[in-house]
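This structure is in structure tokens; I'll ask about it shortly.
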Amino acid sequence: MTVSADETPVVIFDEIYELFRRNQPRPLLNSDGTMAVGVGQPRWENQAPELYARDMATYYFQELLASPFWSCIGRCANPVCKRYFLRKRQRKTAIKRGSYCGSCKLIGGAERTRLSRERAKREMLHVAARAWQEWGTHRRRTDRAAWVANRINRVFGKTRFIRPKWVNQNSEAIETFLDHQQLTTPK
């Protein structure tokens with residue numbers, strides 16, 4: 001869907017259909033005997049200038065979609081912006097967390113960092129909940145937070161080194177995670 005500054009959203013297919021209705025495409029015969037549809041530029045024949053301009057914009061947009069550069073078109077994932085933009089290069093991999101225009105790329109980076117940190121914390125809470133449960137069965141003489149932190153550090157190594165303070169600060173989240181895990185695990 002496209003959105004103009006002064007209009008409500010318009011479905012692209014309907015726009016292309018109206019363009020073809022006003023400017024009839026021509027059937028063409030290829031050299032191998034197959035048929036093709038020849039779409040030329042809109043003709044200005046007794047049309048209002050606004051309608052002709054709309055037809056030209058739709059024609060060029062349709063030509064862009066039919067070109068090899070269709071994959072360079074992107075829409076900003078920022079809910080405030082939502083602008084369409086053209087990338088300089090084609091993507092080689094799939095877009096995982098949204099595509100952001102040049103003026104919103106810092107917002108996109110902040111969003112990706114937030115999601116990455118949330119995922120890392122969920123993983124650490126998962127390991128901490130297992131260690132929390134183990135400590136309850138072994139009843140070590142050491143401090144629970146220090147023992148759980150040691151177990152987490154064994155799993156993650158030097159990539160995410162934590163101290164007992166993290167365990168104390170997240171003890172409620174660990175217990176909630178543990179309760180949720182016990183409720184969802186079949187016996």
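Each reported figure results from applying straightforward, stated rules to the coordinates on display, with no laboratory input. In this text, all values refer to a predicted model and were calculated from it rather than measured experimentally. Neighbour counts are summed over all protein chains in view; Cβ atoms, including those assigned to glycine, are modelled from backbone coordinates with ideal geometry.
Only helical DSSP H runs with n ≥ 4 go in: add -39500 (n - 2.57) per run for the chain, normalise by residue count and round the 222 nm mean residue ellipticity to 500 deg cm²/dmol.
Details: 6 runs with 96 residues, N = 187.
Rounded to the nearest 500, the figure is -17000 deg cm²/dmol.
Can you compute the charge dipole magnitude of the chain about its Cα centre, using +1 on each Lys and Arg Cβ and -1 on each Asp and Glu Cβ, nothing else charged? Give it in debye, rounded to the nearest 20. Walk me through the intermediate numbers first.
Numbers: 34 positive and 18 negative charges, 385 e Å.
The dipole of the chain has a size of about 1840 debye.
Tell me, what HN-Hα J-couplings in whole Hz come from the Karplus equation 6.51 cos²θ - 1.76 cosθ + 1.60 at θ = phi - 60° for each residue of segment 99-116, using x for Gly and Pro?
10, 10, 6, x, 7, 10, 5, 5, 5, x, x, 5, 5, 5, 5, 4, 5, 5
Something else: Over all directions, what mean area does the Cα convex hull of the chain project, stated in square nanometres? Please report the intermediate quantities before stating the final value.
Working: hull surface 80.5 nm².
Hull-based average projected area comes out at 20.1 nm².
Under unit Cβ charges (Lys, Arg +1; Asp, Glu -1), what dipole magnitude, rounded to 20 debye, does segment 12-105 have relative to its Cα centre?
Numbers: 16 positive and 8 negative charges, 192 e Å.
Roughly 920 debye, rounded to the nearest 20.
Moving on to the next point. Near LYS96, which aspartates and glutamates are there with a Cα under 14 Å away, not counting those fewer than 8 places off in the same chain?
GLU111
Right, something else. Around CYS72, under 11 Å between beta carbons, what's the net of Lys plus Arg minus Asp minus Glu among the other residues? Show your work: numbers first, answer last.
Values: positive: ARG87, LYS88, ARG89, ARG91; negative: none.
Residues close to CYS72 contribute a combined charge of +4.
Please give the contour-minus-distance gain from MET35 to LYS88: 0.36 nm per residue of separation, less the Cα-Cα distance, rounded to one decimal in nm.
Details: separation 53, 0.36 × 53 = 19.08 nm, distance 3.38 nm.
Full-extension gain reported as 15.7 nm.
So if each residue of separation counts as 0.36 nm, and I subtract the Cα-Cα distance between VAL11 and LYS158, what length gain in nm does that give? Before the final figure, lay out the partial values.
Details: separation 147, 0.36 × 147 = 52.92 nm, distance 5.20 nm.
Gain on stretching VAL11 to LYS158: 47.7 nm.
Continuing with this model, one more query. Mind ranking 146-155, 48-57 by how tightly packed they are, going by the mean number of other C-beta atoms within 10 angstrom, highest first? Don't skip to the answer; put the middle values down first.
Details: 146-155: 17.7, 48-57: 13.5.
The most tightly packed comes first, giving 146-155, 48-57.
In whole Å, what are the Cα extents of segment 12-105 along the three principal axes, biggest one first?
Cα extents, longest axis first: 43, 40, 20 Å.
If you count, for each residue, the other Cβ atoms within 10 Å and average over each peptide, how do 15-24, 65-74 line up from highest to lowest?
Numbers: 15-24: 14.8, 65-74: 12.1.
Sorting 15-24, 65-74 by mean packing, highest first, produces 15-24, 65-74.
If you take the square roots of the eigenvalues of the alpha-carbon gyration tensor of segment 114-184 and sort them as a ≥ b ≥ c, do you get rounded (a/c under 1.5), prolate (a/b over b/c) or oblate? Could you put the intermediate results ahead of the total?
On the way: a/c = 1.83, a/b = 1.14, b/c = 1.60.
In terms of gyration-tensor shape, oblate.
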